[in-house]
Amino acid sequence: MKKLLLICTGLVLNLSLIAQTKSLKGILNDQDNQAMEFANVLLFKVSDSSFVSGTLTEASGSYLLENVSPGDYYLEFGQIGYQSANSDIIVVNSSDPDIIDLPSYSITEGISLEEVTVSGQKPLIELQADKVVVNVANSAVDVGNNALDVLQKSPGVTVDQDNNIALKGKQGVLILLDGKNQYISNEQLSRLLETMPANAIEKIEIMHNPSAKYDAAGNAGIINIKLKKKENLGSNGTMTLGIGQGKYPKANGGVSLNYRSEKINLYGNYDYRYWKGFQDLTIDRTVPVENGVSQFVQNSDFINTSNSHNYKIGMDYYLSDKTTLGVMGRGSFGNWDGSNKNHTNISGVNIQGFDQSNTFSEGREDWNQYAGNFNISHTINETSELNFDFDISNFSNPQNISYDNFFFDADMDPVMDPFFLNNTSETDVEILASKLDYSKAFASGIRIETGVKFSDVLTRNSTVFKNKTGEIWEVDPQLTNTFNYSEEIYAGYLNTSKSFGKITVQGGLRVEHTVSDGNSVTLDQQVKREYTNLFPSLSISHPIGDKHSLSYSYSRRLDRPTYRNLNPFIYFLDQFTFEKGNPFLNPQITNSFGLNYGLERKLYVSLNYSKTHDAMTQVIEQNDETQQTFQTMVNLDSYQNYSLNITAPIVISQGWTSRLSFTGLVNDFKSELESGTLDQDQTTFRVNANNEFSINNRLNAEFSGWYQSSMRFGIFVMKPRYSFDMGISLKVMDGLGKLRLSANDIFNTLHNEVDVQQDNIDLLVNSDWESQRVNLAFSYNFGNQKVKQARKRRTANSDEEARVSRNN
């Protein structure tokens with residue numbers, strides 16, 4: 001009761017003083033007089049040291065504290081890895097100007113018993129003018145996880161039951177690794193991200209409306225995953241070890257090395273990951289027949305094991321102060337072993353001749369992906385720069401799967417002979433790409449970027465199905481097939497920007513000419529295409545007073561089908577359920593508009609609208625006569641997306657910062673389908689909360705959670721989902737080592753439930769997997785920790801690699 005009385009009294013006093021409140025304005029630097037960005041600025045009363053308010057510094061080191069009543073105060077400045085510092089006593093009078101300019105202050109790096117061994121740490125989530133940055137390397141929660149886990153917890157990003165990645169509810173996101181497109185399909189990309197340890201990631205950049213400099217792919221935007229790389233001459237490195245436990249054990253380890261001399265920079269890293277996990281899948285579907293309906297309940301129990309290896313090695317040679325030559329090789333290889341026990345129960349009107357069936361499948365998949373890059377970077381003068389990249393890469397993916405089918409009556413007595421099927425498939429993709437980029441800044445304030453790019457992709461796919469009759473395996477000619485696809489893309493772009501007073505304008509135009517040829521040899525189907533598209537982009541930004549900023553953006557983008565989606569091969573779950581590609585799938589084109597508002601570093605609001613023509617979308621098609629359902633990709637007539645995103649970093653108290661994000665969206669689909677007419681829309685919202693606790697210079701903690709309401713994409717409706725994670729990190733060994741412990745999905749709430757009610761299709765899918773896990777990791781830095789890191793550059797084949805397909 002006393003606390004309530006004090007709160008009420010305080011509210012009355014604040015109301016009486018509201019007309020007298022002031023703002024405190026200042027700048028915070030480090031010991032080298034460089035701006036300190038993202039540092040905490042906390043305001044306390046002198047009388048009792050009680051916390052009043054707080055904020056974060058801008059990139060320029062500036063800060064502003066508003067609504068400060070007359071009184072005596074002091075400021076405390078803090079940043080992880082730096083010594084805290086206090087200001088002198090600040091006396092605020094009612095006669096002072098509305099904005100009080102404070103003297104500049106500085107903080108210095110934290111000192112260990114012997115020497116400085118730590119440096120400033122950026123917050124987990126940064127909001128910049130053109131992108132959202134997730135600093136994965138600073139997260140205690142993400143230890144032991146994979147890249148797909150990290151993406152799922154990023155602001156505005158969702159991952160559905162098939163690991164398709166969406167941004168603000170829109171699928172068609174272009175994923176880059178170190179600025180490089182992987183030219184792989186969604187399935188292959190999800191597997192690559194599943195086998196990539198989170199500890200190998202430095203940060204994730206989320207761009208909703210990229211400029212014309214980037215390839216036109218990615219109607220929903222671009223997500224760039226930057227991997228870790230290791231100022232002074234010398235060498236250094238980092239070693240990591242981790243273990244995890246869910247239902248099954250997991251492990252990971254890695255090492256990164258970097259050496260820098262006056263002329264040469266050598267760098268490399270290697271990461272290994274072992275993963276064993278499960279997935280329980282239930283499909284409940286109703287199929288109409290002449291005299292009623294048939295009810296199918298299919299239960300599948302998957303157990304998957306994977307061993308993955310990722311590596312990178314490179315060298316930069318400094319010919320002069322202006323010219324650098326670089327070579328880089330990278331790749332991944334590994335294997336995946338999986339088993340599935342599938343049981344199907346048929347009730348209602350049964351036309352199959354059996355009531356129950358068991359399908360036992362065993363499969364093994366191997367993959368090997370490697371890529372090489374040659375780069376020349378030349379600074380012509382202080383205002384212009386030239387970059388050239390040449391890339392080659394290859395991806396191979398053999399696999400073998402067996403399906404053993406057994407048929408029973410209601411009492412589980414055999415009613416017909418077993419059916420044995422074996423599938424051997426091979427995918428091989430070759431990519432060649434090169435690009436030339438030029439940038440120049442003029443004295444008038446105009447900056448231009450221009451460049452050209454060429455890419456050539458060839459993918460070869462073969463699949464052989466065999467049926468077993470007695471003891472003899474015979475080729476099934478109806479399922480066996482060969483599919484080859486080639487594609488050439490010629491592109492050029494021009495991007496320019498200029499500031500007119502406080503208004504900054506950036507505009508660009510990209511042109512892409514595509515020539516493709518898809519040939520299904522066995523089916524005697526050939527689809528040739530040749531088309532040219534223009535992709536303009538425009539953004540305008542300006543401040544409104546000292547605290548507010550506005551920006552407006554428009555872009556036109558294109559997404560081409562992945563190679564797997566064009567491939568007409570069939571991939572079975574059981575004899576009633578399978579997936580196949582669509583060689584007649586067209587590219588989709590999206591026009592996007594955005595409005596963004598910022599209130600210093602306290603509030604960010606974005607409003608977006610996009611309309612997509614020929615939207616590539618997964619659908620379920622059904623054959624009522626055979627009672628088979630299959631998943632494929634089709635083009636929809638119209639897809640519109642409306643979204644609102646609100647993000648606010650809040651300093652709650654000393655050492656506690658919360659970063660809240662809200663996304664509301666509407667997906668609206670209209671199209672004629674094989675099964676009938678699609679005319680559906682749905683409103684969805686998603687809330688993310690990341691809480692960071694700085695307990696002291698050695699110990700940090702994190703608690704995060706998210707909730708997503710029901711979301712529709714095409715004919716699929718995903719039911720609400722939510723999850724909570726927590727983690728702690730402790731610096732040891734004078735700051736050179738770090739222990740991190742995390743718990744994922746701590747209440748075991750994360751699962752997928754998807755409903756399809758479209759014309760004659762009625763099905764419900766439930767999926768559970770090993771989302772609840774505990775992970776422990778140790779990392780150790782050795783060598784000179786101030787060696788300048790290797791150059792980060794975006795290579796020529798970065799977009800093509802994101803469309804390569806693995807056939808699982």
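Is it the case that segment 306-319 has a residue that's at pLDDT below 95, part of a loop (DSSP other than H, G, I, E, B) and open to solvent by 60 Å² or more (accessible area, probe 1.4 Å)? Yes, the conditions are met somewhere in segment 306-319. Restricting attention to segment 696-718, the residues that are surrounded by 16 or more Cβ atoms within 10 Å (Cβ to Cβ) and within 30 Å of SER643 (Cα to Cα) add up to 15.
Scan segment 775-787 for residues that are part of a strand (DSSP E or B), over 22 Å from the mean Cα position of the chain (by Cα) and either modelled with pLDDT of 90 or more or surrounded by fewer than 17 Cβ atoms within 10 Å (Cβ to Cβ) (or both) and the total you get is 6. So is VAL515 surrounded by fewer than 16 Cβ atoms within 10 Å (Cβ to Cβ), aliphatic (A, V, I, L, M) and modelled with pLDDT of 90 or more or not? The answer is yes for VAL515. Listed by position, the strands (runs of 3 or more DSSP E) contained in segment 54-157 that have at least 2 residues being under 26 Å from GLN708 (Cβ atoms), of a type outside the set (Ser, Thr, Tyr) and modelled with pLDDT under 80 are 125-127, 132-134.
The residues listed here are ASN269, ASN265; of these, the one that is within 14 Å of HIS309 (Cα to Cα) and either in a strand (DSSP E or B) or open to solvent by 60 Å² or more (accessible area, probe 1.4 Å) (or both) is ASN269. Checked against (1) within 24 Å of the chain's Cα centre (by Cα); (2) among the hydroxyl-bearing types (Ser, Thr, Tyr); (3) at pLDDT 85 or above, THR562 passes all but a single condition, namely (3).
Counting only residues that are under 21 Å from the mean Cα position of the chain (by Cα), among the polar types (S, T, N, Q) and over 30 Å from LEU585 (Cα atoms), segment 635-688 holds 5 of them.
Being over 22 Å from LEU566 (Cβ atoms) and either open to solvent by 70 Å² or more (accessible area, probe 1.4 Å) or not in a loop (DSSP other than H, G, I, E, B) (or both) is the filter here, so list the residues in segment 454-476 that pass it. Residues satisfying the conditions are LYS466, ASN467, LYS468, THR469, GLU471, ILE472, TRP473, GLU474, VAL475.
Conditions (1) aliphatic (A, V, I, L, M); (2) under 26 Å from the mean Cα position of the chain (by Cα); (3) under 30 Å from ASN350 (Cβ atoms); (4) surrounded by fewer than 20 Cβ atoms within 10 Å (Cβ to Cβ), marked per residue:
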| site | (1), (2), (3), (4) |
| --- | --- |
| ARG529 | no, no, no, yes |
| ASP546 | no, no, no, yes |
| SER549 | no, no, no, yes |
| SER553 | no, yes, no, no |
| PHE576 | no, no, yes, no |
| ILE589 | yes, yes, no, yes |
| TYR609 | no, yes, no, yes |
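Condition (residue is surrounded by fewer than 18 Cβ atoms within 10 Å (Cβ to Cβ), at pLDDT 90 or above and touching a Gly at 6+ places or on another chain (Cβ under 6 Å)) applied to segment 420-428: is it met by at least one residue? The answer is no, given that none of the residues of segment 420-428 is surrounded by fewer than 18 Cβ atoms within 10 Å (Cβ to Cβ), at pLDDT 90 or above and touching a Gly at 6+ places or on another chain (Cβ under 6 Å). Within segment 321-334, the residues that satisfy the criterion of being open to solvent by less than 30 Å² (accessible area, probe 1.4 Å) and closer than 30 Å to ASP428 by Cα are GLY326, MET328, GLY329, GLY331, SER332, GLY334.
Against the definition (open to solvent by 30 Å² or more (accessible area, probe 1.4 Å) and within 29 Å of THR238 (Cβ to Cβ)), how does ASP755 come out, yes or no? In short, no.
Considering segment 563-587, the residues that are out of contact with any Phe, Trp or Tyr (no Cβ under 8 Å at 6 or more places or on another chain) and not in a loop (DSSP other than H, G, I, E, B) include one that is farthest from LEU523 (Cα to Cα), namely LEU573.
The values are calculated or read from the model by the stated rules, or taken from the named source; none is laboratory data. None of these values were measured; they are calculated from a predicted model. Note: ideal-geometry Cβ built from the backbone for every residue, glycine included; neighbour counts use all protein chains shown. For accessibility, only protein heavy atoms count, side chains too; no ligands or nucleic acids. Shrake-Rupley method; radii C 1.70, N 1.55, O 1.52, S 1.80 Å.
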